[in-house]
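Remarks on the structure that follows.
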Amino acid sequence: MVSPVTVVKSEGPKLVPFFKATCVYFVLWLPTSSPSWFSALIKCLPIFCLWVFLLAHGFSFLCAHSSARKILAGLIFSALGDAFLIWQEQGYFEHGLLMFAITHILYSSAFGMKPINVHAGLVISAASFLCYLLLYPYLSGPFTYLVAVYIALIGFMGWRAIAGLQLANDLWTWTKLSACLGAVLFMVSDLTIAVNKFCFPVPHSRAIIMATYYAAQMLIVLSAVECQDVEAARKRT
């Protein structure tokens with residue numbers, strides 16, 4: 001297993017553009033009340049940098065590892081979702097929801113179905129059900145069903161990321177830990193969006209949403225590195 005220190009030394013420099021782009025977003029802090037293509041670009045810029053991060057590993061790396069290709073595709077749909085959510089007040093919230101739903105399907109496929117880890121699945125199912133119970137009284141119309149489907153998809157993605165960790169069996173790797181943390185942060189980000197939009201205003205919601213979202217995407221992308229070792233471990237379990 002490759003140590004985290006080695007990973008930081010080898011992968012850290014490639015992530016510098018991502019960190020700079022994230023800083024630009026938080027420094028500019030463009031108002032959401034006046035959406036524009038420029039604000040969409042600034043919001044999507046960190047995700048574009050994560051594209052470059054994966055592409056920097058070479059096309060041979062992407063061709064050889066399906067997990068990396070699926071995560072790259074998920075980033076593309078994430079950027080589209082980010083762009084749609086810039087104009088959510090103009091009626092594009094559902095479009096953004098669809099783009100991120102596709103993202104979660106792609107990430108779930110990248111994480112794979114082995115090991116099953118029934119206990120993790122039960123915990124995530126219970127948490128997802130409780131989240132929907134929290135939101136349900138505030139939902140109406142198509143959102144009653146759309147939110148349910150979305151919670152199921154992101155919950156499934158979280159299950160597949162968490163299932164691979166297997167801390168008790170000492171089968172974990174830093175890539176699996178990265179995927180797990182990324183999935184959990186993604187769920188926190190999306191739950192904050194849902195509560196803030198449908199239930200009640202969440203203090204500092206935008207900062208919480210974007211900080212956890214960017215961190216989640218970075219960690220999920222990092223989980224694609226050395227995915228050859230991850231896929232080999234899946235075949236052994």
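The numbers here are math on the coordinates, done by the rules we state, and not lab data. Not measured: the values here are computed from a predicted model. Ideal geometry is used to build each Cβ from the backbone, glycine not excepted, and the neighbour counts take in all protein chains shown.
Quick check: from the Cα gyration tensor, does the stretch 4-235 come out rounded (a/c under 1.5), prolate or oblate? Oblate, since a/c reaches 1.5 and b/c is not below a/b.
Taking the Cα centre of the stretch 4-235 as the origin and placing charges on Cβ (Lys, Arg +1; Asp, Glu -1), which of 140, 10, 105 is farthest toward the positive end of the dipole? Selected residue: 10. Remark: the stretch 1-131 projects, on average over all directions, an area of 10.6 nm² (convex hull of Cα atoms).
Under the convention that each Lys and Arg Cβ holds +1 and each Asp and Glu Cβ holds -1, the size of the dipole of the chain around its Cα centre is about 340 debye.
In this label model, residue 57 and residue 90 are separated by 3.6 nm, measuring between points 7 Å along each Cα→Cβ vector.
The relative contact order of the stretch 4-235 comes to 18 percent, based on Cα pairs under 8 Å that sit 6 or more residues apart. Distance between the 7 Å Cα→Cβ label points at residue 146 and residue 127: 2.5 nm.
Here the label points at residue 10 and residue 202, each 7 Å from Cα along the C-beta direction, are separated by 3.5 nm in the simple model.
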